[in-house]
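**Q** Handing you this structure, nothing more for now.
The values are calculated or read from the model by the stated rules, or taken from the named source; none is laboratory data. This is a predicted model, so every value here is computed, not measured. FYI the Cβ positions are ideal-geometry reconstructions off the backbone, even for glycines, and counts take in every protein chain you see.
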Amino acid sequence: MSFGNMPIANGFVKKRISKEKLYTFDMAPAFCTNCSTFQLLNQPAAEMMFHKNYAFRTRTSAFMVQHFRNSADAITNNYFKNNTNKKALEIGCNDGVFLERLNELGWKTLGCEPSANVAETANKFGVNTIEKFFEAASADDIKSEIGLVDLVYAANVMCHIPNINDVAEGIAKILKPSGFLIFEDPYLGSMLDRVSYDQIYDEHVFIFSALSVQNIFSKFGIQLIDTISLNTHGGSVRYVLQKTSKNYPSPKLIQLEQDKKMDQIGVYEEFKLACERSKNQFIASLAKIKDNNHPIIGYAATSKSTTVLNYTGIDDSVIDKIVDTSPEKWGKFTPGSNIPIEQYQLDCLDKYQNAVLFAWNHFHEIDAKETNFKARGGNWISHVKL
Ligand code: TMP
């Protein structure tokens, strides 16, 4: 299936530019019936997406900060309670929240982060971080820096990596025998259930399932031994894998996915139709509000918003502006749809009765924060069920 020509999701522009003049790619995901991966067929070059101006910072969300601190505690307690001199490598450590907590818990850690601005912040917070893409070729350099590690961790990173086999090979090189690979990413099953097609954007080359993770990593002697469902990013799974030649029983999620026929093409054909229905409903619901001359504001200029806006064709003639807490985005415009992005202010929703919640995956955090909007009966709009 194709979602049409898509700009870079985080490619917020300094002035209004027509979509025809922007770099775009055909955003076409496909399902592989051999290895059960759901992945993009084309992707922009990595340097176009992860660079010194990379706009996402974990520390902008109090909820995510808490999530990663809790994750560090849970992973340490569940898998490494009796280990001494524990060492961890995080691939794509962003601004270092997870490793900062591991450091507090006595781990020796190293972050590997290709985006200079966030890597710099991680270092500022005392998290030893090198500015690099992790790959099989760089695994040896990294090994000379920290040695073999007990844990390789990644959050919302593996799904960004097109050369996943190369990275899996690098992970196998750097893990101690019996070392763990633990990573979490948006879950394919949740995307199918919620029709949250905006999980698909340039950076997310894969939307993983337990089946696909098992198929990819087992080729490198790393076995999927457990899965944990998470409510982050609109439904994620933490995959727990171990470098081992022992045969573990498959996690229950594998059977569940087979029962839901997620290893068969029909489910994805149905998803395509569901996306088209969702698009038509979204356009119609915003048109109805505009027909009544009510203004519409957008809340959070997320990467996902680029998919929604470009797939549905909604632009600055429908949405006045989007408010966001990330300084990098202020004064810019959404790519392809040219909606101005303004600094989030406490009173920014006051003049609005209708707000498109692009950060629908943070609904509970945001709804709890926007007490006035809620008290006035403000209407959160989203293409997914909130
Ligand atoms: P992402 O979904 O691409 O990670 O982007 C999240 C964006 O949402 C980021 O720019 C910050 C913004 N945001 C807000 O503006 N307000 C909020 O309350 C939250 C949770 C996020």
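**Q** Output yes when any residue across region 286-293 is surrounded by 15 or more Cβ atoms within 10 Å (Cβ to Cβ), under 21 Å from the mean Cα position of the chain (by Cα) and touching a residue at least 60 places away in the same chain (Cβ under 8 Å), and no when none is.
**A** The answer is no, given that none of the residues of region 286-293 is surrounded by 15 or more Cβ atoms within 10 Å (Cβ to Cβ), under 21 Å from the mean Cα position of the chain (by Cα) and touching a residue at least 60 places away in the same chain (Cβ under 8 Å).
**Q** Quick one: how many residues across region 244-272 are of a type in the set (D, E, K, R) and outside any loop (DSSP other than H, G, I, E, B)?
**A** Narrowing region 244-272 to residues of a type in the set (D, E, K, R): 246, 252, 257, 259-261, 263, 269-270, 272.
Those still in the list that are outside any loop (DSSP other than H, G, I, E, B) too: 252, 257, 259, 269-270, 272.
Result for region 244-272: 6.
**Q** Just for region 64-106: of the residues that are within 20 Å of His204 (Cβ to Cβ) and among the hydrophobic types (A, V, I, L, M, F, W, C), which one is nearest to the ligand (Cβ to nearest atom)?
**A** The extreme case among them is Met64.
**Q** Residues in region 142-153 that are crowded, with 22+ Cβ neighbours inside 10 Å and out of contact with any Leu (no Cβ under 8 Å at 6 or more places or on another chain): how many?
**A** 0
**Q** (1) within 12 Å of the ligand (Cβ to nearest atom); (2) more than 26 Å from Thr371 (Cα to Cα); (3) of a type outside the set (Asp, Glu): which one isn't true of Ser278, the others all being true?
**A** Failing condition for Ser278: (1).
**Q** Might you let me know whether region 243-265 holds any residue that is surrounded by 20 or more Cβ atoms within 10 Å (Cβ to Cβ), within 26 Å of Phe68 (Cα to Cα) and within 16 Å of the ligand (Cβ to nearest atom)?
**A** no
For every residue, the table says whether it meets (1) at pLDDT 95 or above; (2) under 30 Å from Leu386 (Cα atoms).
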| residue | (1), (2) |
| --- | --- |
| Ser144 | no, no |
| Gly147 | yes, no |
| Val152 | yes, no |
| His160 | no, yes |
| Asn163 | no, no |
| Ala172 | yes, no |
| Lys176 | yes, no |
| Phe180 | yes, no |
| Glu184 | yes, yes |
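**Q** Could you tell me how many of the residues in region 206-239 are assigned to a strand (DSSP E or B), more than 16 Å from the ligand (Cβ to nearest atom) and either of a type outside the set (S, T, N, Q) or touching a helix residue (DSSP H, G or I) at 6+ places or on another chain (Cβ under 6 Å) (or both)?
**A** Count: 11.
**Q** Could you list, in sequence order, all residues of region 1-23 that are in a loop (DSSP other than H, G, I, E, B) and within 16 Å of the ligand (Cβ to nearest atom)?
**A** Pro7, Ile8, Ala9, Asn10, Gly11, Phe12
**Q** Hey, does region 185-205 have a residue that's in a strand (DSSP E or B) and in contact (Cβ under 8 Å) with a residue 60 or more places away in the chain?
**A** no
Conditions tested, residue by residue: (1) at pLDDT 95 or above; (2) touching a strand residue (DSSP E or B) at 6+ places or on another chain (Cβ under 7 Å); (3) within 26 Å of Lys87 (Cα to Cα); (4) not small (Gly, Ala, Ser).
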| residue | (1), (2), (3), (4) |
| --- | --- |
| Tyr197 | yes, no, no, yes |
| Val213 | yes, yes, yes, yes |
| Leu224 | yes, yes, yes, yes |
| Ser245 | no, no, yes, no |
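**Q** So, Ser285, is that one away from the ligand (no atom under 16 Å from the Cβ), of a type in the set (Gly, Ala, Ser) and touching a strand residue (DSSP E or B) at 6+ places or on another chain (Cβ under 8 Å) or not?
**A** Yes; evaluated as a whole, the condition is true for this residue.
**Q** Across region 274-285, what is the number of residues that are exposed (fewer than 12 other Cβ atoms within 10 Å of the Cβ) and among the small types (Gly, Ala, Ser)?
**A** Adding up the residues that qualify gives 1.
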